[in-house]
Structure formats: C-alpha cells, structure tokens
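Chemist: Have a look at this one.
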Amino acid sequence: MRRVRSRFGQRGVVLVAVLWIVAALVILVAGLSASVRSDVQSTASLRDQVAMRALAEGAVLLAMRDLSAGKGAAALPLETSISLGGTPIRIRMASAAGWLDINTAPPERLERLLAHIGGLDRREAQVLAARIVDWRDPDTVATPGGAEDEAYESAGSVYRTRGERFATPEDLLQVLGVSFEVFDRIRGFVTTEGSGDGVLDARSAPQALLEAMGESALPAGSFNAAGVPPEFLGAGNALRVEARISAGGRREYVHVAWIRINAASEGSLPIEVLRTEPPTFWTSTD
Ligand SMILES: [Ca+2]
C-alpha cells in the first residue's frame, strides 16, 4: 500500500512538472513585453541548447570555485565573463535577498507584487496574497480574503494548503486562483531562498521589484562595482547566479542557478546548487 501511494505521489509530481513546462512554453511563445521578449524558437537546435546548458552550468561552477577559493570580495565582480571552449559566458551574481521570499513576505508585499508585476487589480491581488499566506501558515483558520482547505475542496481544486514553506516558486501554482499567466509574470521576482528578514537588498533587487515595493533603488553610482559585498559571502547565504550566452544575433540563452554557500568544514562541499531554473531565451529588441 505504501509503495503504491509513493508511486502515485511521484506520478503526481511529474504530472505537475509536465503541465507547468507545457504551460511555460505556451506562455513564452506568446511573448511577454514590448522591450524584452522571451521565446522558445526552433532556430536553436536541441544540440545547441544542450551545449549551451553545459557551458552555463560549467561557468557557474567555475565562478563559484573562484568565490569559494577566497578570491571573493576582492577579486570577483558582480558581473564577470568566463570563457569555456572559446565561448564567452557572462555571469551575474546577486544576493537572493534581492528577490521577494514567498515564505516570509508579509501579505502587503505579496499584494504589491501581484498588483504591480502580476498585473492583477487591487482586490484580486489582496485575495491571492491572503491565500498565499494561508497556504504556508500552519493554522487552519482562513485570514480575511484567504483560503484554507475547505475552500480548495469546494472549488474543486486537487490541491490543499501545505501549512509549511514553499519548496520552490512553482509551488505557487498550487495556491487557489494563481494562474500560469500570473505565475509566469512574477516568477522572475520571487525566491524561496531569501534572507528571511523580509528586507530587499537594493544592490541585488531587480529595479522593477524595488519599484513595485515602493522602494527606491540606490542612487546611481553607489552600486558596489568593486566586488561582491562581503556580507553576501558568509556561510548560509544564498546567491542567484545568472549565466548568459549569445545564441546569435540579439538572442541570449539564460541560465539561472540558486546557490548556497556552506560553512567550511571537512566532508561538506563549499557550495550547493539549490535549484536550477528552466532555461529561457531572451531577445533584446532595443
Ligand atoms: Ca491560515
């Protein structure tokens, strides 16, 4: 019985993953914004994509090796370029604290995210923010506008609230009322690996997220260009590492990995890849 249930559970996970990938492809093909377009086109062959993925993963690990070898704060800029097999790979590192942590963000911040970036009206954003809080909180009492298990059941959802942390941003798709479309708009701005204190690190945060939160970016010129700020590099911190490879013309292959820096000790790796996002292609239309 246990074996059957476990198999069923695995199939469920695989099904959700496949559904998400299919939806993501549809959304990506549909196009996203006027200035930057994300698409999946057949012009890059599968072989090219496999090669680019290997190069991106390799470059991320090389950058991390430099970081953990102590070159960190002094020598490693936030943006760097690594060459592998003659292909330049642009690396950009940022603290995960620059992304909104869906496990700790208060409802007001989730509401701002859903309204300003998710494109929802204020009322819809309020409801979904309350439901996100109810999905992760351990109690069974719905917050105003929110939803606990009874609401999922009566809405015919196959999901229930988890009562604990979101393991990945994709878990948001289980929250009652979060559509693929809304998720696709906000997924580039959220994390499950944030600092936990709810403060966005303005040096790392995407400009659009700072604006959505009503926070101003650091004044121009104050961005730390000398190196990765030392407080990013302590054990337990998570980094978002983006690798970009030219895919011809104005197209770029974009690979994003979330990495944790571990305490130096025997038997443990200095860094740990927490998750790798599905790759995307970006086309600059400037
Ligand atoms: Ca609740």
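Every read-out reported here was derived from the displayed coordinates using simple, explicitly stated rules and does not represent laboratory data. Since the model is a prediction, treat every value here as computed from it, not as a measurement. Please note: Cβ atoms are built from the backbone with ideal geometry, for glycine as well, and neighbour counts cover all protein chains shown.
Chemist: Determine the distance separating the Cα centre of the stretch 234-265 from the Cα centre of the stretch 167-189; give it in Å without decimals.
Modeler: 21
Chemist: Starting from the 7 Å offset along Cα-to-Cβ, what nm value, one decimal, do you get for the label separation of ALA155 and SER284?
Modeler: 4.1
Chemist: Let me check against my output: what whole-number percent is the relative contact order of the stretch 101-189, with C-alpha pairs under 8 Å and at least 6 apart? Write down the numbers at each step before the final one.
Modeler: Numbers: 120 pairs, mean separation 24.3, N = 89.
Relative contact order of the stretch 101-189: 27 percent.
Chemist: How large is Rg/Rh for the stretch 167-216, to two decimals, with Cα atoms and a Kirkwood Rh? Walk me through the numbers on the way to the answer.
Modeler: Details: Rg = 12.0 Å, Rh = 12.1 Å.
Taking Rg over the Kirkwood Rh, I get 0.99.
Chemist: Okay, next question. Treat each spin label as a single point 7 Å out from the Cα along the C-beta direction, and report the LEU269 to ALA235 distance in nm.
Modeler: Each label point is offset 7 Å from its Cα along the Cβ direction, giving 1.8 nm.
Chemist: I need the Kirkwood Rh of the stretch 234-286: take the reciprocal of the average 1/r across all distinct C-alpha pairs and report it in angstrom.
Modeler: Working: mean 1/r = 0.0784 Å⁻¹.
In the stretch 234-286 this quantity evaluates to 12.8 Å.
Chemist: Provide the per-residue ³J(HN,Hα) series for the stretch 45-55, in order, calculated from phi with Karplus coefficients 6.51, -1.76, 1.60 and θ = phi - 60°, each as a whole number of Hz, with x at glycine and proline positions.
Modeler: 5, 4, 4, 4, 5, 5, 5, 5, 5, 5, 5
Chemist: Once you order the gyration tensor axes a ≥ b ≥ c over the Cα atoms, which shape class does the stretch 101-189 get: rounded for a/c under 1.5, otherwise prolate or oblate by comparing a/b with b/c? Intermediate results must be reported in sequence, preceding the final value.
Modeler: Numbers: a/c = 1.41, a/b = 1.38, b/c = 1.02.
Since a/c stays below 1.5, the shape of the stretch 101-189 is classed as rounded.
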